[in-house]
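For reference, the structure is listed below as structure tokens.
The values are calculated or read from the model by the stated rules, or taken from the named source; none is laboratory data. Just so we're clear, the structure is a prediction, and the values are computed from it rather than from any experiment. Here the Cβ positions follow ideal geometry from the backbone for every residue, glycine too, while neighbour counts run over all protein chains shown.
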Amino acid sequence: MPGMTKRKDSGEKLAQMSLCITDVAENRDKAAFARLFDHYAPLIRAYSLAREPAADLVADELVQEVMTRVWLKAASYNPRLANLNTWIFTLARNCRIDYLRRNSRYATEIDPTDIFNDMEDEGPGPFQLAQQSRVEENIRAGLKQLPREQSEILTKVYLEGKSHQQASDELKLPLGTVKSRVRLALKKLEVLVTR
Amino acid sequence: MNKSVNHPYDELLTAYSAGSLPLSQALCISAHLEHCQSCGQKLQRLNRVGSQMMQQLKPAPASADLKNQLLDRLDSLTEEQAPVESKASEPDSSIPRCLRQFIESRYEDLPWKRVSTDIHSVELCRDSNGARVELLKIRPGGSATTHTHLGDEYTVILEGSFSDESGLYGQGDFMVKGTRDKHTPVATRDRECICLAVTEGPIQFTGFISRLLNPFIRRSYA
Ligand SMILES: [Zn+2]
């Protein structure tokens, strides 16, 4: 089954990368950092380009910001709280928020650094830990099976960083339709269930 | 840990996770999350959606220059870090972490301004969308003036509790009131109640004192 190979590949990659981050944290290993860069920098650039196509300088700046934080915060990364891919995503999201704030036409003094402290939350118990890989796999496989109209909106929301209202304007869909498609998609991924 | 019964709705948590929520609203979510494990877990799953979507993007290769520049800078980065870390671990347990950027020590040391016999307020900051971020303090048993507002109002209870037409709210509880909702929060008698309030448009108080206040408030938004 091709799906199985793919899952094995992404799992193995994640395991390799997790070893690298441990090496960076414990030994300040630059070769391990370079391997993290090789894997994540192209994904961070793609994430930035999804929001601002062709803005290569912005994408490079985001890579610098995120990878700088990876180097500085490697020791505070806790694999019990989030897998490495999720940690990198939240770093990229936080750096983008900060970038947008600094370049906004209207200034605000609100510093996002202390708002999004995803890593410092109380850790999940053993029961949640056992569930995490199942949740992860549901989302990974589920994303590929979403109807196009739902994945299109999730892309607007998560990758392009659009509000529901902006997504509704750009896709020329009623706001209610956008909201219900996001909900349907997240339900299918089993993200909104309360455990 | 799960003290709160009133949670941000899924749409807000999703926008928070995706990074598209105005920072003033994100402050409210963050303050709620400190009291709510179930929203915390939901948020972790939402973050995984973003993470998986990022993993499934077509990689956009980075130049060798970018990599080498960064590798060359690594040693100089290490030294800058130390003071930042020590500041982040400031020990002040009762104030939500996201608000410590505005509150140096204790709530009572803030420059509170009297709004009515029952209410004091202090503005913390403005968001880039014009939203006003403030703390409200209602004295024990005191009532917050019924008011209407031009935009949505987001509230998180930080200390104490209050009740209004729709029920009793305690520490960590999160609520959104729309433009047409009139509500009259009354603090419980045992202690004062401190709330974080984010208001999107100018408040129009409907009480007597508020009519006196209104010209002033309107001007402060001009
Ligand atoms: Zn909650």
Checklist entry - Filtering the range B:160-189 down to residues that are surrounded by fewer than 16 Cβ atoms within 10 Å (Cβ to Cβ) and within 19 Å of B:H35 (Cβ to Cβ), which residue is farthest from the ligand (Cβ to nearest atom)? => result B:S163
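Answer yes or no as to whether A:D23 is out of contact with any Leu (no Cβ under 7 Å at 6 or more places or on another chain), in a helix (DSSP H, G or I) and of a type in the set (D, E). If you could, list the steps in order and put the result at the bottom.
Numbers: out of contact with any Leu (no Cβ under 7 Å at 6 or more places or on another chain): yes; in a helix (DSSP H, G or I): yes; of a type in the set (D, E): yes.
Spelling it out, A:D23 is indeed out of contact with any Leu (no Cβ under 7 Å at 6 or more places or on another chain), in a helix (DSSP H, G or I) and of a type in the set (D, E).
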Checklist entry - Do you know which residues across the range A:156-185 are in contact (Cβ under 8 Å) with a residue 24 or more places away in the chain and more than 7 Å from every other protein chain (Cβ to nearest Cβ)? => result A:E160, A:V178, A:R181, A:L184, A:A185
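Checking the conditions here, which among B:L46, B:L27 is in contact with a Cys (Cβ under 9 Å, 6 or more places away or on another chain) and more than 12 Å from the ligand (Cβ to nearest atom)?
On the way: B:L46 fails: in contact with a Cys (Cβ under 9 Å, 6 or more places away or on another chain).
Answer to the check: B:L27.
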Next on the checklist: Against the definition (within 14 Å of the ligand (Cβ to nearest atom) and at the interface with chain A (Cβ under 7 Å from one of its Cβ atoms)), how does B:L33 come out, yes or no?
Outcome noted: no
Checklist entry - Can you tell which of B:A26, B:A31, B:A62, B:A82 is over 30 Å from B:H7 (Cα atoms), modelled with pLDDT of 90 or more and small (G, A, S)? => result B:A62
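Determine, yes or no, whether A:V58 is over 18 Å from B:L74 (Cα atoms), more than 9 Å from every other protein chain (Cβ to nearest Cβ) and part of a helix (DSSP H, G or I).
Details: over 18 Å from B:L74 (Cα atoms): yes; more than 9 Å from every other protein chain (Cβ to nearest Cβ): yes; part of a helix (DSSP H, G or I): yes.
The answer is yes for A:V58.
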Item to check | Selection count, the range B:178-205, where residues are among the basic types (K, R) and modelled with pLDDT of 85 or more | outcome: 2
Item to check | Subset of the range B:151-168 [under 16 Å from the mean Cα position of the chain (by Cα) and among the hydroxyl-bearing types (S, T, Y)] | outcome: B:Y154, B:T155
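Would you call A:L36 closer than 22 Å to B:Q52 by Cβ and either at the interface with another protein chain (Cβ under 10 Å from one of its Cβ atoms) or free of Cβ contacts under 8 Å to residues at least 40 places away in the same chain (or both)?
So A:L36 fits the description; yes.
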Checklist entry - Restricting the range B:107-135 to residues that are part of a strand (DSSP E or B) and in contact with a Pro (Cβ under 9 Å, 6 or more places away or on another chain), which is surrounded by the most Cβ atoms within 10 Å (Cβ to Cβ)? => result B:R132
